[in-house]
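Peer 1: My structure is below; once you've seen it, I'll send some questions.
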Amino acid sequence: MFSIALVLSICIGVIAALLVYSNPRIANIWFNILNVIETIPELALFIFLLPILGLGERPTIAACVLYSILPIMRNTYTGLAHISKEYIEIAQAIGLTKNEILIKIRLPMALPLISGGIRVAVVYIMGIITLGGLIAAGGLGVPLQAGIHQYNIPAIIIASFWVGTLGVVFDGIAWIIENKLTRRYNPW
């Protein structure tokens, strides 16, 4: 569930940002829609998704994607749209096309921001997958829900500890990947 939700979120968020980075009006419309979705509590979103997608993993993955698109898209857009004009002018002066500027200048310089958005999305996805145990999605939420239903405080504490630990581990892995990619593809 985690990897499916993360890959979908990255693909949709980055592609959407690539489509709108040169048009701030369309970007604002997208961001307003995503901001409205983000204000809906996760459990309420599950209630909207259950009649459409049923119980299980599908509504959980959909909720993960809906929530985690925003930080990825916002950071990607910010990174792409706010590159110093001097870099773009120099690239144009040496004859680079718009696509070459995007691939050779904008994306490498935006990589730290894109990675930051992905790290935020990782944490969002971890939390939503944990809540997915409420709607029979399985995964991280099952031990926590079992402890709550049985009023087993040690089980709740242990399950919460493991969920938190996994969140920190995944964030750390994302941070390591971010640093390696940034050093490799962002010479600035």
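The values are calculated or read from the model by the stated rules, or taken from the named source; none is laboratory data. All figures in this text were calculated on a predicted structure; none of them were measured in a lab. We place every Cβ from the backbone using ideal geometry, glycine too, and count neighbours over all the protein chains shown.
Peer 1: In this structure, does Leu55 turn out to be more than 19 Å from the chain's Cα centre (by Cα) and either surrounded by fewer than 14 Cβ atoms within 10 Å (Cβ to Cβ) or outside any helix (DSSP H, G or I) (or both)?
Peer 2: Values: more than 19 Å from the chain's Cα centre (by Cα): yes; either surrounded by fewer than 14 Cβ atoms within 10 Å (Cβ to Cβ) or outside any helix (DSSP H, G or I) (or both): yes.
Here the answer is yes, as Leu55 does meet what is asked.
Peer 1: Those residues that are buried (at least 16 other Cβ atoms within 10 Å of the Cβ), at pLDDT below 95 and small (Gly, Ala, Ser), I need them from segment 1-12; list them, please.
Peer 2: Answer for segment 1-12, where residues must be buried (at least 16 other Cβ atoms within 10 Å of the Cβ), at pLDDT below 95 and small (Gly, Ala, Ser): just Ala5.
Peer 1: Let me ask another. Looking at Leu96, Leu134, Leu140, Leu113, can you tell me which residue is of a type outside the set (S, T, N, Q) and closer than 25 Å to Trp30 by Cβ? First the steps, then the outcome.
Peer 2: Numbers: Leu96 fails: closer than 25 Å to Trp30 by Cβ; Leu134 fails: closer than 25 Å to Trp30 by Cβ; Leu140 fails: closer than 25 Å to Trp30 by Cβ.
After ruling out the rest, the residue left standing is Leu113.
Peer 1: OK, next. Are there any pairs, at least 6 apart or on different chains, whose C-beta atoms fall under 7 Å, with the first in segment 133-161 and in contact (Cβ under 8 Å) with a residue 40 or more places away in the chain and part of a loop (DSSP other than H, G, I, E, B) and the second small (Gly, Ala, Ser) and surrounded by 15 or more Cβ atoms within 10 Å (Cβ to Cβ), and if so, which?
Peer 2: Close Cβ pairs satisfying both conditions: Ala136/Gly56; Ala137/Gly56; Gly139/Gly132; Gly139/Gly133.
Residues are listed down the side, and each one gets a yes or a no for (1) exposed (fewer than 14 other Cβ atoms within 10 Å of the Cβ); (2) within 29 Å of Leu111 (Cβ to Cβ); (3) at pLDDT 85 or above; (4) in contact with a strand residue (DSSP E or B) (Cβ under 9 Å, 6 or more places away or on another chain):
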position	(1), (2), (3), (4)
Gln150	yes, no, yes, no
Ile158	no, no, yes, no
Phe161	yes, no, yes, no
Arg184	yes, yes, no, no
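Peer 1: Does segment 77-98 contain at least one residue that is modelled with pLDDT of 90 or more, surrounded by 22 or more Cβ atoms within 10 Å (Cβ to Cβ), under 30 Å from Ile37 (Cα atoms) and within 11 Å of the chain's Cα centre (by Cα)?
Peer 2: Looking for residues that are modelled with pLDDT of 90 or more, surrounded by 22 or more Cβ atoms within 10 Å (Cβ to Cβ), under 30 Å from Ile37 (Cα atoms) and within 11 Å of the chain's Cα centre (by Cα), one finds none in segment 77-98, hence no.
Peer 1: Of the residues that sit in segment 10-52 and are touching a helix residue (DSSP H, G or I) at 6+ places or on another chain (Cβ under 9 Å) and not in a helix (DSSP H, G or I), which one is nearest to Asn75 (Cα to Cα)?
Peer 2: Taking the candidates together, the pick is Tyr21.
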